Structure formats: structure tokens, C-alpha cells
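The values are calculated or read from the model by the stated rules, or taken from the named source; none is laboratory data. Just so we're clear, the structure is a prediction, and the values are computed from it rather than from any experiment. Positions of Cβ are generated from backbone atoms using ideal geometry, with glycine treated the same way; all protein chains shown enter the neighbour counts. Just the protein is used for accessible areas: all its heavy atoms, side chains included, with ligands, DNA and RNA removed. Shrake-Rupley method; radii C 1.70, N 1.55, O 1.52, S 1.80 Å.
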Amino acid sequence: MNADGRTRLHQTPEWAALVKHREQLGEVRLREMFAADPGRGTGWTLRVGDLHVDYSKHLVTDETLALLQELAAATGVSGLRDAMFRGERINITEDRAVLHTALRAPRDAVIEVDGENVVPKVHAVLDKMAGFADRVRSGEWTGHTGRRIRNVVNIGIGGSDLGPAMAYEALRAFTDRSLTLRFVSNVDGADLHEAVRDLDPAETLFIIASKTFTTIETITNATSARSWLLDGLGGDEKAVAKHFVALSTNAEKVSGFGIDTANMFEFWDWVGGRYSFDSAIGLSLMIAIGPDRFREMLDGFHLVDEHFRTAPAESNVPLLMGLLGVWYGSFLGAQSHAVLPYSHYLSKFTAYLQQLDMESNGKSVDREGKPVQWQTGPVVWGTPGTNGQHAYYQLIHQGTKLIPADFIGFARPVDELSEELKAQHDLLMANFFAQTQALAFGKTPDEVRAEGVPEELVPHKTFRGDHPTTTILARELTPSVLGQLVALYEHKVFVQGAIWNIDSFDQWGVELGKVLAKRVEPALTEGADVPGLDPSTGALVAAYRELRGR
Ligand code: F6P
């Protein structure tokens, strides 16, 4: 117990029990565990919605899981979860409710923030988005010159970019192929340049997505986009109303920028940026896939919300995934977590998860503001299979690091593919299954020798195995399945933050860089003296100015 009367996480008996268990367990060999329990392959699986989740290839025993569940109970995960769903202000450093779950609640649900039911507001915005999306899709909404909108450019960054950009890729097979969608996030002018260089301004709609509407990258790009549009359309300011809409919580700033608030789609401060793509931030996606598909996606989210809220601890998938991550990070020393989707359509899924997980759980003080004495969120990384197999899988198989990984795959390719391309799907999935098998069970020196390999090469060709993986398999990648997957990871991240006793919903760590960038900019442009600039950065700025010809 500490001076303030609190017992900290690493001082709890449940934590100590896991430390002891880890010591007693020693080296875990998956071959031995499967030999001792042949039913593990079928028994250690769970189902949530359309997702079949196999956790048999983890370095855990029944006892490990039981002890982890005790840790979850002792740290009050379910209590915090219920407080989140009730709309309590669990984001303590920003004094905000955390209610992304309200964004996908059914119309008749009642979720109150400060005594007000927020569900009607959510559905009013969804209806407004649907009306607008339908008008763009049908051609009823035209540009300033009366031409139909054929290009939609979302300008946003972080949570105002990654979600819709990821989901647009994921659901391409469900999109209106006559529309071109682009996503601009980087303040590097090249991003906007490449996005618009082949577009006709008369047919282009810009969606300016920013929760705060103060993010410098987004406002800078939006300003440049407005100039591009006005240059292309003869300079009539009235064109802005037909070519710019805003997604934000900040009506004042939207109107200050020159966008009519009638063309603004609202969300609220209880939606965190990285939890926002099922809010108004999803407008570009809704235009691409249509309101009905978007609602299917929301239903997928809601299904997993309900599972997380009500399923018993032993069969609660986000809870289990969160606990496994805690096991590897806090007790086995894993520093990173790979997410490896075997779907080209999920090419941006891991990048999306990087913000979700790393901005949420990249914290080093606990909810009381004390330095944590345990590992918090992992480095999340990965790209779609099979590309990764020919790049970095070598290190996962035979390197010195413990890297738990999630493999995500689908039984069916999308309908749109030709028969020949559909036939490739089995090869893709053969790789999917082969990799988790090889990672788990490896290849022993004797097996290598039996292949006639010369003795000096045996160590090089031996695979130790025992690399833990979760396999998530679904029939096909639909809007609902995408919603289910995202909600699964949202709640996994929640579980880990709750156990580590950190605030998973603030992001103060990104502030310092933003403040310093503003301070340094005049030194680059005007050579101004920046008070307090350190000698290293000062010398770099001087080198930059010389190279830039200033
Ligand atoms: O990176 C910091 C951050 O605040 C993210 O949390 C957020 O998603 C992103 O910037 C964009 O913020 P906004 O939507 O307010 O422009």
C-alpha cells in the first residue's frame, strides 16, 4: 500500500500471483501443450457475431487464463466498462464521457450524458448524413456549375482520416465505383497536389473532417483546397457552399472558416477522435457505400458492444484478447504486437489500429498521475499477408523477439473477382494457416536432419516455434464484419487500459510537438530567433535554411 492508501497494480496479490505463475510455468512448449490436450484446437475457440476466434496457439494454460481473469476482476474492468456504457466521465484528464458505443446504439436506446439522452441526436445526424449521401450518390446534389459530383476528397488527419480511409479500402467492393474517393491528411503539400491534380473542380466535393477544427494540418490543407477550387471555378466565393462540407464538434470554427453550418455534420466531445469513424466522420465512407451499408456496419459494431457488455468473462472475446496482450506485455516482456490481415482490402487496417491502440495506451502515468511501474501499450505494426512473409516474417520466425500476432482472414473472396482470381483465394489462405502453424510448432532439429540437411546447417534451418498467435476468421469481409472487427479492437484496447489503470482516452503526448512546430516555423520562414531553441535543433534549422536557399 502507498502513502495515499492505494494499492498499485504491481502490488496487488493478483499481479504477484501472475509473476509467480510465470516463474513456475518456465518454458512453454506448444507442441507439448497440444500433445497433452488434443482438444485444445477445437476447444480454445470463441465466437462473436461472424468472427471465429481461435486462441489455442497462445503461451498460456488454463491456470494462466484464470489468473488473468482474476486480475481483470481485481482491477475493476467490468465496473469501468459499465461506467463507460452509462456515459460516465471516465476520461478523467479531459473530464469527458467516452461514448463511441452510443454512435451505434439502436434508435430506441437511452444513453444519457448530463441527464440528456444522446441517442436521438446521434440518429438525427445519421439521418442528415444519409439524406446528403443519397443526394450526392444520385446526382441531385450538384456542384456550383450544375455538374454532378464525381470526386469526394476527405481532408482530415488522425482519427478524422484513418478510420474512413481504412474503411473505404476495406469495403471497396461495396462502393459506388463511379465515384472517386481520395483522402488527404499530410500537411506536405504533395498530398493534396497528388489527390487533386487529375480532378475537375466542378465535380469535386471536399469534406473537411476535424473534431476541433483547429488542427493545423487540416485547416492548412482545407485553405489550399479552397484556393484550388476557386481558381478552377473562376473565383466565385459562392462555389464554396456547394463544394465544401464540414464534420466537426465546433460550429463556431466551421463558420469562421467560411463553411455554412447548414453543411456541417455534427458530433460531440464524448466521441474521441480515434473512436470517431462511425460518427459524422464517416460521411465520405457513407457516400461511397451508401447509407444502408453504413448502417449494417454500425449494427456490426453494436453486436460486439453488446457482447463485450454482457458476455460472461470466460467467453468475452475483447476481454480475452486484452488479457492475452497484458500477459505478453507485462509478464513475458513482449514490446510489440503484429496485426496481419490476409486481405488486400484490409491494407490500412493495422495503420488504423496504430492510432487506436498507441494513442490510447501509449501512457506512462496512471489515472492518479503516478509513473506506472509496468509495461503499457505495445508497438502495433503489420501489413497484409502474404507481402509481410517476404519481408519481416523471418524475424518473427527466427529472430530473438517475442512478437504476439493476430492473423485475420476470410473464407470467401469478394464476389466481384473473376473466377480465376477467386481461385487464388485458397492459396492466400493456405499461407494464412501455414504461417500460424509454423509459428506455433516450428521445426525441430531432428525433423530438419531427417530431410538430409548437413549438420552444420541444422541450427539455421531449425524453427523453434512457440510464437503466439490469435486467428480471427470470418466468412467474408462485409460492412457488418468490419464493424465487428473494429469494435473488437476498441474494446480490447479498453480492457488493457483499464487493467493498467491509465486514461486510454486522452492524448496529451501529441501536444508538445504541435506547440514546438508553431514556435519553430518562423525560424524556417523568416530566420526569426526562436527563444530557447536548443543548439542541435538550432543548427539543423540553419542547415535547412541554407539548403532551402534562404
Ligand atoms: O493526433 C492528435 C489528434 O488530436 C488525434 O487524437 C485526432 O484524431 C487528430 O489529432 C485530429 O484531430 P481533429 O479531428 O480535431 O482535427
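The residue among His123, Gln394, Leu332 whose Cα reaches farthest toward the positive pole of the charge dipole of the chain, with charges on the beta-carbon of Lys, Arg, Asp and Glu, is Gln394.
Between the C-alpha center of the stretch 207-229 and that of the stretch 407-485 there is a gap of 42 Å. Summing Cβ point charges (Lys, Arg +1; Asp, Glu -1) relative to the Cα centre of the chain gives a dipole of roughly 340 debye. Listed by chain and number, the aspartates and glutamates placed with their C-alpha closer than 14 angstrom to that of Lys370 are Asp4, Asp503; residues fewer than eight positions away on the same chain are left out. With all projection directions averaged, the alpha carbon convex hull of the stretch 114-241 covers 9.2 nm². Ranked by the mean number of other Cβ atoms within 10 Å of their residues, highest first, the peptides 255-263, 317-325, 448-456 fall in the order 317-325, 255-263, 448-456.
The mean sequence distance of close C-alpha pairs (under 8 Å, at least 6 residues apart), as a share of the length of the stretch 338-396, puts its relative contact order at 47 percent.
Computed over protein heavy atoms with a 1.4 Å probe, the carbon and sulfur contribution to the accessible area of the stretch 308-419 reaches 53%.
Averaging the sequence gap over all C-alpha pairs within less than 8 Å and six or more residues apart, then dividing by the number of residues, gives the chain a relative contact order of 18 percent.
Highest mean first, the peptides 73-82, 92-101 sorted by other C-beta atoms within 10 Å per residue fall in the order 92-101, 73-82. Each Lys or Arg adds one and each Asp or Glu subtracts one; over the other residues with Cβ under 13 Å from the Cβ of Pro201, this totals 0.
Toward the positive end of the charge dipole of the chain, with +1 on the Cβ of Lys and Arg and -1 on the Cβ of Asp and Glu, the farthest Cα among Phe294, Gly465, Thr212 is that of Thr212.
Each Lys and Arg contributes +1 and each Asp and Glu -1, all at the Cβ; summed about the Cα centre of the stretch 79-152, the dipole is approximately 620 debye.
Averaged per residue, the chain has 43 square angstrom of accessible surface, using a 1.4 angstrom probe with ligands and nucleic acids left out.
List the lysines whose Cα sits under 25 Å from the Cα of Lys57, skipping any in the same chain fewer than 8 residues away. Correct list for Lys57: Lys20, Lys401, Lys443, Lys461, Lys492. Applying the Karplus relation 6.51 cos²θ - 1.76 cosθ + 1.60 with θ = phi - 60° to the stretch 273-283 yields 3J(HN,Hα) values of x, 7, 10, 10, 6, 8, 9, 4, 4, x, 4 Hz, where x marks Gly and Pro. Based on C-alpha pairs under 8 angstrom that are at least 6 apart in sequence, the stretch 149-233 has a relative contact order of 42 percent.
Between the amide H of Phe265 and those of Ala246, Leu247, Ser248, distances stay under 5 Å, these residues lying 5 or more places away or on another chain, with hydrogens modeled in the peptide plane. Pairwise Cα distances in the stretch 489-550 exceed 17 Å for 56 percent of all pairs.
Of the accessible area of the stretch 1-85, computed with a 1.4 Å probe over protein heavy atoms only, carbon and sulfur atoms account for 50 percent.
Classification of the stretch 367-519 by its C-alpha gyration tensor yields an oblate form. The axis ratio a/c (a ≥ b ≥ c) is 1.5 or more, and b/c is at least a/b.
In summary, the lysines within cross-link reach of Lys253, defined as a Cα separation below 20 angstrom excluding same-chain residues under 8 places away, comprise Lys211, Lys238, Lys242, Lys514, Lys518.
For a paramagnetic label modelled on Glu194 (point 7 Å from Cα along Cα→Cβ), amide N atoms under 17 Å away belong, within the stretch 214-235, to 221. Accessible surface of His302, taken over heavy atoms with a 1.4 Å probe and every protein chain present, rounds to 50 Å².
Of the accessible area of the stretch 426-550, computed with a 1.4 Å probe over protein heavy atoms only, carbon and sulfur atoms account for 59 percent.
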